[in-house]
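Undergrad: Sharing a structure below in structure tokens format, with a few things to ask.
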Amino acid sequence: MEAALQERQDSIHRTGEAPFAMECNKDSLAGAVSQRACVFCGSRVVLYPIADALHLVHGPIGCAVYTWDIRGALSSGPELHRLSFSTDMQETDVIFGGEKKLYNALVELIDRHAPKAAFVYSTCIVGIIGDDMAAVCRRVSEEKGIPVLPVQSEGFKGNKRAGYAAACNAMRQLVGMGDISGISKYSINILGDFNLAGEIWLIREYFTRMGVEVVANITGDGRVGDIQRAHGAALNVVQCSGSTMDLAKMMKEDYGIPSLRVSYFGIEDMAESLYAVAAFFKDEEMMRRTQELVKEELSLIMPEIMKYRQALAGKRAAIYVGGAFKAFSLVKAFRTIGMQVVMVGSQTGTPEDYEELAAITDPGTIIVDDSNPLELSAFLQEKDVDIFVGGVKERPIAYKLGVAFCDHNHERKEMLAGFSGMLNFAREVYGSVMSPVWKFVPRKSGEEMSHENHERTRNL
Amino acid sequence: MGKILPNYVSTTNACKLCKPLGASLAFRGVEGAVPFLHGSQGCATYMRRYIISHFNEPIDIASSSLGEKNAVYGGGANLKLGLKNVTEKYHPALIGIATTCLTETIGDDVKRLLFEYRREFMQDGGPLLVQVSTPSYSGTHMEGFHAAVRALVEQLTVESEANSTVNILPGFLSAADLRSLKEIVVDCGLTATVLPDFSETLDGPALRDYPLIPKGGTKISDIRAMSGAKATVEFGHTLPDQLSAGSHLEKTYNVDLHRLGMPVGIRETDRFFEMLSGLSGNPMPEKYAMARGRLVDSLVDGHKYIFGKRAIVYGEEDLVIGLTSFLAEIGVQPVLCASGGTSGGFVKAIEKAVEGFGLEIPRIHEGMDFFEIGELAAELKPDFFLGHSKGYTLARGLGIPLIRVGFPIHDRMGGQRLLHIGYHGAQQLFDLIANTMIAVKQDTSEVGYSYM
């Protein structure tokens, strides 16, 4: 496509139009205006929801202030995670080193908030000036008697995925510290759900109804104490592409805990996830309870969903999200409401992820890695999309062009996971696609026909 | 005197942003320009997200996306590749290159790199390249904003014939403010170069095609000719000389510089109109005389609802100074004026703004964060907060309203359409403040009366 730079062509694939191949999981191209953030961002999003930990960003003010209260990750108790702590490094700290300031800031904040642990995030310049963060963390940990964990998240040291790994490395040090007596043999950790809009509470309720004990939320509504006992669980149930898979692998290595990959988005994947957990425990009674749960939940949502399906049938969707794994579920969720996905992309997908997307999407679907406004806007226009699903940075692209939008990122305030989440999703899509405001945007009010009209005339 | 705050080492919930964000906003206000950050990818993306959440508009900020090797061996190659790619796809007239803490710390010599780039890739022409040094470890987004404006003038303006335009350097205003400012100048019979002007580039209409570089912004040819203007009007009591584009124009081209406060409230707006009258030789247009008259009339109508109310005002220094001046005029007692900025001129300017109104001198703090504001807030017993969205949690905690002004407005629609300046802006602010206080009284009233 013309909108894409030459070096970007290999990161764009069209299902069925060529043998599958995809350049991905590499550094963003300079000057391409990537939608990605950095290593720090990866670490910050994963650890952020741990609500009783102190999250101190060691660096100049920007990194902390742009991530202040940035996620819709709810807590049922403490809310320390919603504060933005920074060492706010100044020029003198850069010249003479920031270790002393870091030490003093840590002591001050730990004394003030009495957190259960502290995560200290490294930023770009800390990596350059060479502050020994680990040494400062060790010292404070000894003095204050809580885990103080350095997160090696210098922004330039890779992409967002490297940040996930750094976060998992930090959490690995917590796991194994707690008492695991009394944990049920039917027990799991929930990995990769961040309790956006309270989603993990819903998922936990499903597991409780099945008879499964949840030991630790990693990390939605997360608690340090729970993560410290996480090695007592029988199974790690991992959602999301890459963010916590590393930790599951580490726990397999360290404690032999197996893991399952799941997704809580959409009816199919949600049900499948619960069945997979029930199957793992090989308990017939649990499987029966799970089937009942699914049946009951579906009966609550399907009548309303069918109503939306009728209105939305045949409309086209585009998806651009952080993790590719969520995209799989979204492709299926759109099918549930009768819609067709014509473009799908992610910031951090792997070759396997994209191959899977190529396998489940219709011929002609555009698949893209690490895209940018230039490409995304061209895709939206080429495919004459009815709704775009993405995050804050994708929203103005859609809106400017007069395309409906569904927020499906970590800032959203609507619960989209679980069975009732699917209903919310359908409502969100319906509420945006069916709004009368599109009648006035140039795309629809102008001389050119919309694709519905195109199709109508084509069918005549 | 009240509570003395300890000198905290850590920062919690900062009341400032970082330098490159300010520079990006300023560059976005130039016609045909693309802001470009020389640093790691995250900076550009975080700032885009932050700016988008306020303006609800696209803003493409390019990045040299430095990786680990570049951090070790220098970011030159990525900078050049990035410029090449932006040029190829965006066809910009200008690329505004701001550094970040990473590239400042590794010591990239951007000036030299751009010299090389021009030699290697721009033999057949290409965009103008304007560069500014904006390490986030010194100063706030406002220093970044002013530094970028100054860099534009230093690097673009050339000797030109004397003309009758007026340079206006407004600082960081809303899109609505900029539109209003331009209208005022035209109504006064003047031609002005307003730099920067993102009134359209960050607040544009719905379109059929994605605007890679939206229409609008200060014309480059106008920036070039700022040397020939008959005067420069620059807003900002706390703007230091070395960051002032007006000072540069005065020193280099002898353009008279008039430094005014941001025209918020009656007195500062009066001063601005006096200045414009002086420059145009015309009296204040009837439209504004009427607006001023209606404003004063409404202040009388509503004065009882707000007299003696106590306000905490926070945000960028010059905006807080303007707002405080207005609060003094309408009988509100500012109890705390706070900013994350540290210009050194804040305290004096606030003291001057409240002088002569029989008010207590408020607590005035530079370099403050929201934790510290919160520490003082409880004992100061404010009736409302006046500032951007980030004070919401504190206001909610105290059960008092937050009246939203400035940047960022992340939790309401229309931040870009808030009008702060001129008589019309003062009118909107007054109605907002008075109605907020009336609503508090009404909502907490047991009878729930339906008239004022």
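All of the numbers you see were taken from the coordinates with simple rules; none came from a lab. Fair warning: this is a prediction, and the values are worked out from it, not measured in the lab. Neighbour counts are summed over all protein chains in view; Cβ atoms, including those assigned to glycine, are modelled from backbone coordinates with ideal geometry.
Undergrad: Give the Debye-formula value of log10 I(q)/I(0) at each listed q (0.12 Å⁻¹), with one equal scatterer per alpha carbon of region A:39-172, two decimals each.
TA: Results for region A:39-172 at q = 0.12 Å⁻¹ read -0.39.
Undergrad: Another one. Within a 10 angstrom radius of each residue's Cβ in B:53-63, how many Cβ atoms of other chains show up on average? Whole number is fine.
TA: Working: counts 6, 0, 1, 5, 3, 11, 4, 6, 1, 6, 9.
Mean partner-chain Cβ count within 10 Å for B:53-63: 5.
Undergrad: In Å, the Kirkwood hydrodynamic radius of region A:220-350 over pairs of distinct alpha carbons?
TA: On the way: mean 1/r = 0.0594 Å⁻¹.
Across region A:220-350, the inverse of the average 1/r is 16.8 Å.
Undergrad: Would you report the distance distribution of C-alpha pairs in region A:300-349 as whole percents per 10 angstrom bin, up to the bin with the largest distance?
TA: P(r) over region A:300-349, rounded to whole percents: 27, 45, 24, 3.
Undergrad: How much of the pair distance distribution for region A:1-54 lies past 15 Å, counting alpha-carbon pairs only, in percent?
TA: Numbers: 897 of 1431 pairs.
Tail of P(r) above 15 Å: 63 percent of Cα pairs.
Undergrad: Hey, what did chain B get for relative contact order, percent, Cα under 8 Å, at least 6 apart? It would help to have the intermediate numbers written out before the result.
TA: On the way: 908 pairs, mean separation 76.3, N = 452.
Rounded, it is 17 percent for chain B.
Undergrad: Give me log10 I(q)/I(0) at q = 0.17, 0.22, 0.27 Å⁻¹ for region A:239-297, Debye formula, one equal scatterer per alpha-carbon, no solvent.
TA: Per q value, in the given order, log10 I(q)/I(0) is -0.65, -0.90, -1.05.
Undergrad: Here's a follow-up. On average, how much area does the Cα convex hull of region A:92-245 cover when viewed from any direction, in nm²? Mind dumping the intermediate values first?
TA: On the way: hull surface 41.1 nm².
That works out to 10.3 nm².
Undergrad: In whole percent, what relative contact order does region A:187-295 give with Cα contacts below 8 Å and a gap of six or more residues?
TA: Values: 169 pairs, mean separation 28.6, N = 109.
The normalised contact order for region A:187-295 reaches 26 percent.
Undergrad: Which whole number of Å³ per residue matches the convex hull of the alpha-carbon atoms in chain A?
TA: Values: hull volume 71.5 nm³, N = 460.
Here the figure is 155 Å³ per residue.
Undergrad: Continuing with the same structure: As an exercise, take the mean of 1/r over every pair of distinct alpha carbons in region B:51-141, invert it, and state the Kirkwood radius in angstroms.
TA: 14.2 Å
Undergrad: For region A:159-177 and region A:290-325, write down the distance between their C-alpha centroids in whole Å.
TA: Region A:159-177 and region A:290-325 have Cα centres spaced 33 Å from each other.
Undergrad: Can you say what percent of the DSSP beta bridges in the protein assembly as shown, counting only those with both residues inside, are antiparallel? Round to 5. Could the numbers behind the result be given before it?
TA: Numbers: 7 of 90 bridges.
Antiparallel: roughly 10 percent of the beta bridges in the protein assembly as shown.
Undergrad: With no solvent and one equal point scatterer per Cα, compute the Debye intensity ratio I(q)/I(0) for region A:303-459 at 0.13, 0.19, 0.20 Å⁻¹ and report its log10, rounded to two decimals.
TA: For region A:303-459 at q = 0.13, 0.19, 0.20 Å⁻¹, log10 I(q)/I(0) is -0.57, -1.26, -1.40.
Undergrad: If R₀ is 51 angstrom, what is the calculated FRET efficiency for the pair residue A:302 and residue B:447, using the beta carbon separation as r and rounding to 0.05? Write down the numbers at each step before the final one.
TA: Numbers: r = 48 Å, r/R0 = 0.95.
Computed FRET efficiency for residue A:302 and residue B:447: 0.60.
Undergrad: Turning to a different aspect of this structure: If Rh is defined by the Kirkwood formula over all Cα pairs and Rg also comes from Cα, what ratio Rg/Rh do you get for region A:187-295?
TA: On the way: Rg = 12.9 Å, Rh = 13.7 Å.
Taking Rg over the Kirkwood Rh, I get 0.94.
Undergrad: Convert each backbone phi in region A:124-140 into a coupling constant with the Karplus relation 6.51 cos²θ - 1.76 cosθ + 1.60 (shift: θ = phi - 60°), then list the ³J(HN,Hα) values in order as whole Hz, x for Gly and Pro.
TA: Rounded to whole hertz, the list is 2, 6, 5, x, 7, 7, x, 4, 8, 4, 4, 5, 4, 4, 4, 4, 5.
Undergrad: Show that you can apply the helix-only estimate: for chain A, add -39,500 (n - 2.57) for every DSSP H stretch of four or more residues, divide by all residues, and state [θ] at 222 nm to the nearest 500.
TA: Values: 19 runs with 206 residues, N = 460.
Result for chain A, helices only: -13500 deg cm²/dmol.
Undergrad: For a quick check: sort B:99, A:123 by the number of other beta carbons within 10 angstrom, fewest at the front.
TA: On the way: B:99 25, A:123 29.
Ascending Cβ contact count within 10 Å gives the list B:99, A:123.
Undergrad: Residue by residue, what Karplus-based ³J(HN,Hα) values in Hz, rounded to whole numbers, does region A:222-235 have, using 6.51, -1.76 and 1.60 with θ = phi - 60° and x for Gly and Pro?
TA: x, 10, 4, x, 5, 5, 5, 9, 4, 6, x, 7, 7, 8
Undergrad: Can you give the Rg to Rh ratio for region B:166-280, taking only C-alpha atoms and Rh from Kirkwood? Before the final figure, lay out the partial values.
TA: Working: Rg = 14.7 Å, Rh = 14.9 Å.
That ratio is 0.98, to two decimals.
Undergrad: Over all directions, average the projected area of the Cα convex hull of the protein assembly as shown and note it in nm². Numbers along the way, then the final one.
TA: Working: hull surface 161.9 nm².
The directionally averaged projection comes out at 40.5 nm².
Undergrad: Determine how many Å³ per residue the convex hull of the Cα atoms of region B:356-452 encloses. Mind dumping the intermediate values first?
TA: Numbers: hull volume 15.9 nm³, N = 97.
Considering the Cα atoms of region B:356-452, their hull volume per residue is 164 Å³.
Undergrad: Could I ask something else about it? Taking all pairs of different Cα atoms in region A:1-107, averaging 1/r and flipping that mean, what Kirkwood radius in angstroms comes out? It would help to have the intermediate numbers written out before the result.
TA: Working: mean 1/r = 0.0580 Å⁻¹.
Radius from the Kirkwood sum: 17.2 Å.
Undergrad: Given the rule -39500 (n - 2.57) for each run of at least 4 DSSP H residues, summed and divided by the residues of chain B, what is its mean residue ellipticity at 222 nm, to the nearest 500 deg cm²/dmol? Don't skip to the end; give the middle numbers.
TA: Working: 17 runs with 205 residues, N = 452.
Calculated mean residue ellipticity at 222 nm is -14000 deg cm²/dmol.
Undergrad: Sort out for me the Cα centre separation of region A:357-433 from region A:179-215, rounded to whole Å.
TA: Between the Cα centre of region A:357-433 and that of region A:179-215, the gap is 29 Å.
Undergrad: What is the projected area of the convex hull of the Cα atoms of chain B, averaged over all directions, in nm²? It would help to have the intermediate numbers written out before the result.
TA: Details: hull surface 94.0 nm².
About 23.5 nm², averaged over all directions.
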